[in-house]
Every structure is written in C-alpha cells, then in structure tokens.
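Trainee: If you scroll down you'll find the structure; I have some questions about it.
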Amino acid sequence: MSNDYSKFVLVVSGPSGSGKTSIIKNFLKENNDFELSISHTTRHKREGEIEGVNYYYISKDEFENKIKNGDFIEWAKIYDNYYGTSKKEIDRILKTEKNVLLEINIDGLLNAKNVFKEEIVSVFIITENIDELVKRLRERNSESEEDFLKRIKEVEREISYINFYDYVILNKKGKIEESVKALRNIAEAEKIRTKRLKNIKDRFFGGR
Ligand code: 5GP
C-alpha cells in the first residue's frame, strides 16, 4: 500500500470517562490506515485490560530508568502515575504505511508537537457536560474515591487547554456512532489537505 498523501500523527485526548477509548476502538476497526501507539504506564491494570493491547504495564523504577535512557518521545505524570510513548513503538508504526494514532493527554500533545511539528492533527473528545462525565466515571467504578476526585480536578485543567486542539468532538450520550463518524471525517479531510497531497500536479498531467 502506498499513500497519495504524506502521513500525519493523529492525537486524541479527552478526560477519563469522555468515551475516547471506545471511539478510538471503533474508529480503528474500520480504518486500517491508522495504528494506535501502545503507551507504557505505571498505573494498575483495570479489569478487562490486556498487557500489550491497552498499555505496557511497568513499575515506577522501570519507567524512571526508561526516562533516563531517553526511551520516550514524550511522557507525563498524571494522577501520580507515569504514562509515556516509547520511541520503539513509534518506530514500529513508522515502518508501516500507517499513520500513528496517539491517545495521550495535553502534556503529551505539547511535547509531541515539538517532535512532529506540522504533522500533528489533534482532537479533543468530551461529553456534553460535566454531569454526564461525573456519571460515567461513577459507573466505571474502577477507581477509589481519591482517584475519582483527582480525575475530576484534572478535567478542569484539561478543558483550559482546549484551544490547543484542532478539533473538538462532543460525545453525546448514546450517540457513539456519531462521534466515531466525526473522527473518521476528520481523518479523511486531513488526508486530502493540499499540503499533504503528493505530486498532485504531476499526477494530474500524467507526468507530461
Ligand atoms: P487512563 O489511566 O484513564 O488510561 O489514562 C489517563 C490519561 O493518560 C488519559 O488522559 C490518557 O490519554 C493519558 N495517556 C495515556 N497514555 C499516555 C502517554 O503515553 N502519554 C501521555 N502524555 N498521556 C497518556
């Protein structure tokens, strides 16, 4: 497979409970030209999560060693846990014809912008309102009360950075398909951005 456009890095952020993980999962099912970068984390594995699928789960010491070795393209400390995108993971995806999809927070986006510059397309996913987010986080029930409060506090900080993102998807209750479609539309539009189209004039004139 050879692309007619130059590749880009799709960054998707959103508070815990915004539904971003499900949206990304559904988006990837129908888009095999994107590959999700699997992050490393020191947080505990939630029920149903799988090593090497959701995250690579490592200890704090291992993570700090990796930071020292310069193994990460970007990393952040969120809710007392480390999260990071390894260079190895990005290299693996870049060797394919696929575009990289990063599910990272605002700190990650700002650092990734230093690395990938113009190649970044960023999307922020959020529920329609804070009440819906609180409800979803409560339903998840995988966090302690302390973790829950930390996550709610983090939402305020993340929302204050919303203008750093190119797109916002409002993930309405019971309308996940609409949100997946919005992400698909963003990806498709970005593929035909003039600056990304390769040799468009040559192709039009058939090499004449
Ligand atoms: P969760 O614990 O709910 O899976 O993720 C918590 C937060 O960490 C989310 O905002 C998620 O996007 C972010 N995150 C996950 N992986 C990474 C990463 O590799 N780098 C950064 N900067 N943030 C990440």
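The values are calculated or read from the model by the stated rules, or taken from the named source; none is laboratory data. Keep in mind it's a predicted model, so treat the numbers as computed, not measured. In this analysis, Cβ positions are derived from the backbone assuming ideal geometry, glycine residues included, and neighbour counts consider all displayed protein chains. Note: accessible area is taken over every heavy atom of the protein model, side chains too, but ligands, DNA and RNA are not part of it. Shrake-Rupley method; radii C 1.70, N 1.55, O 1.52, S 1.80 Å.
Trainee: Considering only the range 187-206, state which residues are under 18 Å from Val9 (Cβ atoms), assigned to a helix (DSSP H, G or I) and open to solvent by 100 Å² or more (accessible area, probe 1.4 Å).
Mentor: Once the filter is applied, which keeps residues that are under 18 Å from Val9 (Cβ atoms), assigned to a helix (DSSP H, G or I) and open to solvent by 100 Å² or more (accessible area, probe 1.4 Å), the range 187-206 yields only Lys195.
Trainee: While we're on this one: Looking only at the range 23-47, count how many residues are away from the ligand (no atom under 12 Å from the Cβ) and open to solvent by 30 Å² or more (accessible area, probe 1.4 Å).
Mentor: Here the count works out to 8.
Trainee: Given the criterion of a type in the set (D, E, K, R) and more than 15 Å from the ligand (Cβ to nearest atom), identify the matching residue among Glu89, Glu74, Glu132, Glu103.
Mentor: On inspection, the qualifying residue turns out to be Glu132.
Trainee: Which of the following residues is in contact with a Gly (Cβ under 8 Å, 6 or more places away or on another chain) and among the basic types (Lys, Arg): Arg136, Arg92?
Mentor: On inspection, the qualifying residue turns out to be Arg136.
Trainee: Does Lys173 satisfy being touching an Asp or Glu at 6+ places or on another chain (Cβ under 7 Å) and open to solvent by 60 Å² or more (accessible area, probe 1.4 Å)? Even if it seems obvious, please write down each step before you answer.
Mentor: Numbers: touching an Asp or Glu at 6+ places or on another chain (Cβ under 7 Å): yes; open to solvent by 60 Å² or more (accessible area, probe 1.4 Å): yes.
Considered against the rule, which asks whether it is touching an Asp or Glu at 6+ places or on another chain (Cβ under 7 Å) and open to solvent by 60 Å² or more (accessible area, probe 1.4 Å), Lys173 comes out as yes.
Trainee: Sort through Glu178, Glu146, Glu156, Glu132 and tell me the only one that's closer than 13 Å to Ser18 by Cβ, over 17 Å from the mean Cα position of the chain (by Cα) and free of Cβ contacts under 8 Å to residues at least 60 places away in the same chain. Steps first, please.
Mentor: Working: Glu178 fails: closer than 13 Å to Ser18 by Cβ; Glu146 fails: closer than 13 Å to Ser18 by Cβ; Glu156 fails: closer than 13 Å to Ser18 by Cβ.
One residue alone meets the criteria, Glu132.
Trainee: I've got another one for you. Read through the list (1) in contact with a strand residue (DSSP E or B) (Cβ under 8 Å, 6 or more places away or on another chain); (2) under 17 Å from Ala182 (Cβ atoms); (3) at pLDDT 95 or above, then give the number of the only condition that Thr21 fails.
Mentor: The failed condition is (3).
Trainee: If you don't mind, there's one more thing I want to ask. So in the range 52-63, with the set limited to residues that are within 17 Å of Glu35 (Cα to Cα) and at pLDDT 95 or above, which one is nearest to the ligand (Cβ to nearest atom)?
Mentor: Here the residue is Tyr55.
Trainee: Right, here's the next one. Out of Asp131, Asp91, which single residue is open to solvent by 80 Å² or more (accessible area, probe 1.4 Å), in a helix (DSSP H, G or I), out of contact with any strand residue (DSSP E or B) (no Cβ under 6 Å at 6 or more places or on another chain) and within 17 Å of Ser37 (Cα to Cα)?
Mentor: One residue alone meets the criteria, Asp91.
Trainee: Only one residue in Ser122, Ser179, Ser160, Ser144 is touching a Gly at 6+ places or on another chain (Cβ under 9 Å) and small (Gly, Ala, Ser). Which one?
Mentor: Answer to the selection: Ser179.
Trainee: Hey, another quick one. Please pick out the residue among Ile58, Ile93 that is free of Cβ contacts under 8 Å to residues at least 40 places away in the same chain and among the β-branched types (Val, Ile, Thr).
Mentor: Details: Ile93 fails: free of Cβ contacts under 8 Å to residues at least 40 places away in the same chain.
Step by step, each of Ile58, Ile93 is checked, and only Ile58 is free of Cβ contacts under 8 Å to residues at least 40 places away in the same chain and among the β-branched types (Val, Ile, Thr).
Trainee: Residue under question is Lys113, and the condition is that it be out of contact with any strand residue (DSSP E or B) (no Cβ under 7 Å at 6 or more places or on another chain), part of a helix (DSSP H, G or I) and open to solvent by 30 Å² or more (accessible area, probe 1.4 Å); does it hold?
Mentor: no
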